[in-house]
1. Against the condition open to solvent by less than 20 Å² (accessible area, probe 1.4 Å), assigned to a loop (DSSP other than H, G, I, E, B) and not charged (D, E, K, R), how does G323 come out, does it pass?
2. What residue, among those in the stretch 351-367 that are farther than 20 Å from D306 by Cβ and in contact (Cβ under 8 Å) with a residue 60 or more places away in the chain, is most open to solvent (accessible area, probe 1.4 Å)?
3. Which residue, of V69, V55, is open to solvent by less than 20 Å² (accessible area, probe 1.4 Å), at negative phi and not in a strand (DSSP E or B)?
4. When the residues of the stretch 326-349 are narrowed to those that are among the charged types (D, E, K, R) and under 17 Å from L296 (Cβ atoms), which ends up surrounded by the fewest Cβ atoms within 10 Å (Cβ to Cβ)?
5. Looking at the stretch 303-316 only, could you name the residues that are within 30 Å of E293 (Cα to Cα) and either small (G, A, S) or open to solvent by 20 Å² or more (accessible area, probe 1.4 Å) (or both)?
6. Among the residues of the stretch 210-219, is there at least one that is touching a Pro at 6+ places or on another chain (Cβ under 6 Å), modelled with pLDDT of 65 or more and not in a strand (DSSP E or B)?
7. Sort through E48, E82 and tell me the only one that's acidic (D, E), assigned to a strand (DSSP E or B), more than 20 Å from G158 (Cβ to Cβ) and open to solvent by less than 30 Å² (accessible area, probe 1.4 Å).
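The values are calculated or read from the model by the stated rules, or taken from the named source; none is laboratory data. This one's a predicted model, so the numbers in the text were calculated from it and none came from an experiment. Note that each Cβ is placed from the backbone with ideal geometry, even for glycine, and that neighbours are counted across all protein chains shown. Quick note on the areas: whole protein, heavy atoms, side chains included, nothing else; ligands and nucleic acids left out. Shrake-Rupley method; radii C 1.70, N 1.55, O 1.52, S 1.80 Å.
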Amino acid sequence: MGRDDLEDQPHGFALINTSSCPHPLSRTSTRTSSHRRRPRLPAICLREVPAPEDVAELLRVTPGDPVVVRRRIIELDGEPCELTDTYYPVAIARGTPLAETKKIPGGAVTLLAELGHIGVHVREDVTARMPDGDERTALNLDPAEPVLLLNRVTLDAGDRPIQADMMVMPAHRQQLRYEIMSGDLAPGSKLPSTNQLKERFEASNATIQKALQLLKEEGLVIGRAGAAVTVREHRQRTMRPASYMAPAPPGEPYRWLTEATRHGAAAHSTLLKVAEVRPPADVSAALNLAADETALLRQQILTIDDEPVELVKSYYPLGIARGTAITGKRKIKGGTPSLLAELGYPPRLSVDRVSARVPTQEQFQALQLPSDLPVLRTLRVVHSDDDLPIEVTVMVKAGHLYEMQYEFTPE
């Protein structure tokens, strides 16, 4: 749900939102239509109230004891999609920014950690019911529309509750998916048993089995009949652009291939397409092209150990590419950096812009993504002498399996 004031994301083996960070058993809440647009949070309503029975049970206080509540209505494209009440024990919240009517920089999870309250475990209970009058009005619901109620409690290392969230969502605008993702378990380590997971997260056997299957599909764990489920070795492959940006020596393969092989992997590139096309707007701008100008596109898919890891689209000015091997529908020995250098356009400077995005249908299929996971998109602009742009490449990787490593030398 991507809220800058969603102040309830803990660290550790817990039920949390997977769009924020990769943790074990986690929940994603997804709007069933137009869910990729940016949410907005109106002003926060803050007050100190007697603890309702359900909140008192979560925070382990006596019903009626004072607690601090922060209420937020989350909107998507101007439409309310969630009503959230977050409760804190007064012993934690009083005298801190938690008790102030303004957003907290970095979210409450950061503030709680600074105050010595670090969430390490979360329990969530999800039910469906009809809304009450206030909820119906706040969420702009029709009289017959049900809601999903998600109650969450965050516990610290001493199993003490530090925060309780009561989230109400229109049932027809949200769907919940539970999955296990591990950012804390080391490669090769065993996941807890099914019975342990059931007990720890108070979930059914069917829910745990479905979560484990999702993990296997996403390549995060390995499960074999009669053996424990283990975290996949090298779950996230580290890509170091600096290691393969320079032209390969004469007669040598493209540096990306040799770099992958050096780490013990079987790397391969497949050329998919070579054509004159009208580039995307950011590519045209980087190449200093007019809106209606075309460029030469070379599109390929890169695989490691027979797994598609990167969809690559490289664009070249026609003034450079025409009449050269760049326009040929075959691989270029040593890669285009070597050829460009031979043509008198040695790469002098590369600038990367990296972002995380929802994949397009083409990217989803090419990378064989198991679900609606984000991708890492790198826009690389290569300059030659006189700051001349000679190549712009768009590289897309599965975000849950790969990370980028950049090294810098202080000036």
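1. Taking the combined requirement at face value, the residue does not satisfy it.
2. V358
3. Selected residue: V55, the only one of V69, V55 that is open to solvent by less than 20 Å² (accessible area, probe 1.4 Å), at negative phi and not in a strand (DSSP E or B).
4. Ranking the qualifying residues of the stretch 326-349, first place goes to R330.
5. The answer is K313, S314.
6. So far as the stretch 210-219 goes, no, none of its residues is touching a Pro at 6+ places or on another chain (Cβ under 6 Å), modelled with pLDDT of 65 or more and not in a strand (DSSP E or B).
7. On inspection, the qualifying residue turns out to be E82.
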